[in-house]
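Below: one structure, written as structure tokens.
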Amino acid sequence: MGDFKLTTVEEFEAATERLLETGKKVGADAWQYRVANQTPHCKFGEQGICCRICSMGPCRITPKAPRGICGCDAHGIVGRNFLKFTAGGAATHSDHGREICHTLHNAKAEGPYTVKDPEKLTRIAHEWGVETEGKDIYALAHEMSELALMEYGKPFGYQNWLKRAPEHTQELWQKAEVAPRAIDREVATSLHMTHMGCSSLPEALVRQSIRAGLCDGWGGSMCGTEFSDVLFGTPKPIDTEANLGVMNAENVNIVVHGHDPSLSEMICEYADDPEMIAYAKEMGAKGITISGVCCTSNEVAMRRGIPMAGNFLQQENVVLTGACEAIVVDVQCIFPALGPLSKCFHTKFITTSPIAQMPDSDYIRFDSSNAAENAKAIVKTAIENFKNRKPDLVYIPDMKQKATVGYSVEAIVKTLDGVTNSQVDVTGTTKPLIECITSGVIRGAVAMVGCNNPKIRPDHAHIELMKKLIANDIIIVASGCSAQAAAKAGLMDKEARSLCGAGLKRVCELADIPPVLHMGSCVDISRMMILVSELAKDSGLNISQLPVVGCAPEWMSEKAVSIGNYVVGTGIDTFLGVDPYVAGSDQMAQWLTSGVRDWVEAAYTVETDIEKLVDKMIERIEEKRTAIGI
Ligand code: BF8
Ligand code: SF4
């Protein structure tokens, strides 16, 4: 216990500097240099007041030119841009969910894709009113995958998963007309509304943004999470490690990057194959190390304990180690820079999805019908590339931390069973957590999510916020690159409980958990929606009354905006550390930071000063406690 120490952001940065030195030797470009080239950014773009949705433009709003050629003002332009931003994110998460539904449709007893959690599949089937009695599990998998795929295009009705929300939330959604209908419909309607000559009224654009966000979180993302669990197993607490030091200089290093576990699960499966390990040894390596970057890493860490090499802004670093035989990617958050960068080293940059094709990559098209052969081919390619390493370029920073990950809602509920003092039986519920919150042992919870963004010192905001929150007895659930920042720093090591306030420390000891719980990838923020719904139902409170807030301090992607909209839409106040390009319209800012509260009982706070951001979150949590008299 005594020698536990967090890794600091300064140490991360020193390691990156050293890797950039390697890069200089081979003439490699890096995001750090490209940021300098792109700065300062376009002021119109930053404020969201540039419109190029028709070819009469582009139109830019200034005091002298307050309207575009069609007459649209700044509020309409900012609003349309915001809705398009959201729709892009909702489409992306939801299409990932759709791919998972197709993988489920291809599941067979003989593999390669099987049903690893039949109990969960049966539970969802009952939830959806599907008869399971006497049905073969694969027949059920096919039936459920078809029903799930219908959620994307059904002509009538709302998302099936909405019924998981508390009644009050469902009523709010209906009343505000934000209950999401078919997933594809909400995305298409958003693009229809933002076409030239459709909506320019901020209120209407914000309303549809919430609805499109909700079709992601309570539709496509939930499909992605739930059916990934069915296919690959529902995560349970498991030990792993994080940061670049998880790569092994003596082994063949394969890095999986992207989001869809259908690819990475297969790669992990074949890298474990004794035949492949023997082949790696034959090629002069001691073994095979798989590690991950971004959300695909979160997926395989949560289910298999595969170590996390890093998060979004570390993706170039894995290649800069000179020890990466292959970086294998599927979809989303992959820098096109990996193509030219890999050419400076021996690294194979392997793209696998028709959705993410990039120059300077080896494209091995991967789908559920050829998964086994192609995964094997990819692993073999990496092994055969080991001999091409240039030893004088190999440098892996000796930096990693232990992490316990795998906190699905099911795992959290099970873990909580160990901490109750209640006289009545509360097993299998969130009531033990509610007891901790009501008694004040834990003050509240923060959902820390989202990316890195060079506009914010990478990982610094995530880590500093988390440190202060846990010191104030606020428990954290984390996902995406935020979770990886925590893991790299050491905040997912159970020993990090020594950094907590006395109350949270006691809970962590009793439950044997770290103070920051890894809930998975960004689609897994749907897990957080289920968790707050259960907390609301078990406590008799509305979601918006719970001392719980969401935070994305370093976000950058369209997906993050979609997430923000469904987290707010679910009744959780959400704190952003980067402005979503709405500074150019006071009306839009007003709708997002306050107007939406009338519909969904929550709103955004944008605060780029990290110190103030954390204080505002703590203040909001305490306000919520006072309001419910605890
Ligand atoms: O979906 S947190 S940088 S990896 S967008 Fe991307 Fe952002 Fe990371 Fe995962 Ni989420
Ligand atoms: Fe300009 Fe209007 Fe066309 Fe946008 S829609 S580019 S504001 S004319």
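Other residues lying with their Cβ under 14 Å from the Cβ of I630 contribute a combined charge of -1, Lys and Arg counting +1, Asp and Glu -1.
Of the solvent-accessible surface of region 506-630, computed with a 1.4 Å probe over protein heavy atoms with every protein chain present, carbon and sulfur atoms account for 49 percent.
When C42, C268 are compared by accessible area at a 1.4 angstrom probe, the order from most to least is C42, C268. Beta bridges from DSSP with both residues in the chain: antiparallel share about 20 percent, rounded to the nearest 5.
Over every Cα atom in region 230-346, the radius of gyration and the widest Cα-Cα span, Dmax, amount to 13.5, 40 Å. Taking the Cβ of V130 as the centre, find all other residues whose Cβ is under 13 Å away and add up their charges (Lys, Arg: +1; Asp, Glu: -1). Every neighbour counted, the sum reads -3.
Expressed in nm², what is the orientationally averaged projection area of the convex hull enclosing the Cα positions of region 419-518? Its Cα hull, projected and averaged over all orientations, spans 6.2 nm². Probing with 1.4 Å while keeping every protein chain in the model, the per residue accessible area of the chain equals 37 Å².
Within the chain, the proportion of Cα pairs with more than 37 Å between them is 33 percent. Per-residue packing, averaged as other Cβ atoms within 10 Å, sorts the ranges 245-256, 548-559 into the order 548-559, 245-256, beginning with the highest. A dipole drawn for the chain from +1 and -1 charges on Cβ atoms has a positive end, and of C42, N298, A496 the residue lying farthest that way is C42. Considering Cα pairs under 8 angstrom that are at least six residues apart, work out the relative contact order of the chain and quote it in whole percent. Relative contact order of the chain: 17 percent. Judged by the mean number of other Cβ atoms found within 10 Å, the most tightly packed of the peptides 453-459, 110-116, 134-140 leads the ranking 453-459, 110-116, 134-140.
When all protein chains stay in place and ligands, DNA and RNA are ignored, the 1.4 Å accessible-area order of E21, E265, E241, largest first, is E21, E241, E265. Rounded to the nearest 20 debye, the dipole magnitude of region 396-511 is 340 debye, with +1 charges on Lys and Arg beta carbons, -1 on Asp and Glu beta carbons, and the Cα centre as origin.
Going by a ≥ b ≥ c, the root eigenvalues of the Cα gyration tensor, does region 224-279 fall in the rounded group (a/c under 1.5), the prolate group (a/b larger than b/c) or the oblate group? Prolate, because a/c is 1.5 or more and a/b exceeds b/c. For region 470-512, backbone nitrogen atoms closer than 16 Å to the point 7 Å from M399 Cα along Cα-to-C-beta are found at 484-491. Applying the criteria of a DSSP loop state and at most 11 other Cβ atoms within 10 Å to the GluC sites (Glu not before Pro) of region 155-216 yields E177. When the chain is described by a simple charge dipole with +1 on each Lys and Arg Cβ and -1 on each Asp and Glu Cβ, the residue from Q332, A14, P514 located farthest towards its positive end is A14. I'd like to know which of L201, L149, I618 lies farthest towards the positive end of the charge dipole of the chain, counting +1 on Cβ of Lys and Arg and -1 on Cβ of Asp and Glu. Of L201, L149, I618, it is L201. Phi-derived couplings, Karplus 6.51 cos²θ - 1.76 cosθ + 1.60 at θ = phi - 60°, listed residue by residue for region 455-466: 5, 10, 3, x, 6, 4, 5, 3, 6, 5, 4, 4 Hz, with x used for Gly and Pro.
Only alpha carbons enter this Debye calculation for region 67-232, each as an equal point scatterer, and the log10 of I(q)/I(0) it gives at q = 0.17, 0.21 Å⁻¹ is -0.95, -1.26. Highest mean packing first, where packing is the average number of other Cβ atoms within 10 Å per residue, the peptides 279-285, 85-91, 339-345 line up as 85-91, 339-345, 279-285. Rounded to the nearest 20, the size of the Cβ-charge dipole of the chain about its Cα centre is 1260 debye, with Lys and Arg at +1 and Asp and Glu at -1. Return the tail of the calculated pair distribution for region 12-138, meaning the percent of Cα-Cα pairs more than 27 Å apart. The share of Cα pairs beyond 27 Å in region 12-138 comes to 60 percent.
Taking the square roots of five times each eigenvalue of the Cα gyration tensor of region 401-627, the equivalent ellipsoid has semi-axes of 27, 20, 15 Å, listed largest first. Please give the net charge around F44, taking every other residue with its beta carbon less than 12 angstrom from that of F44, where Lys and Arg add +1 and Asp and Glu add -1. Result for the local shell: +2. What you get for region 67-232, charging only the Cβ of Lys and Arg (+1) and of Asp and Glu (-1), is a dipole of about 660 debye around the Cα centre. A DSSP coil position with no more than 16 other Cβ atoms inside 10 Å describes the following trypsin sites (Lys or Arg not before Pro) in region 1-64: K5, R52, K64.
The values are calculated or read from the model by the stated rules, or taken from the named source; none is laboratory data. Predicted, not measured: the structure shown is a model, and the values here were computed from it. In this analysis, Cβ positions are derived from the backbone assuming ideal geometry, glycine residues included, and neighbour counts consider all displayed protein chains. Quick note on the areas: whole protein, heavy atoms, side chains included, nothing else; ligands and nucleic acids left out. Shrake-Rupley method; radii C 1.70, N 1.55, O 1.52, S 1.80 Å.
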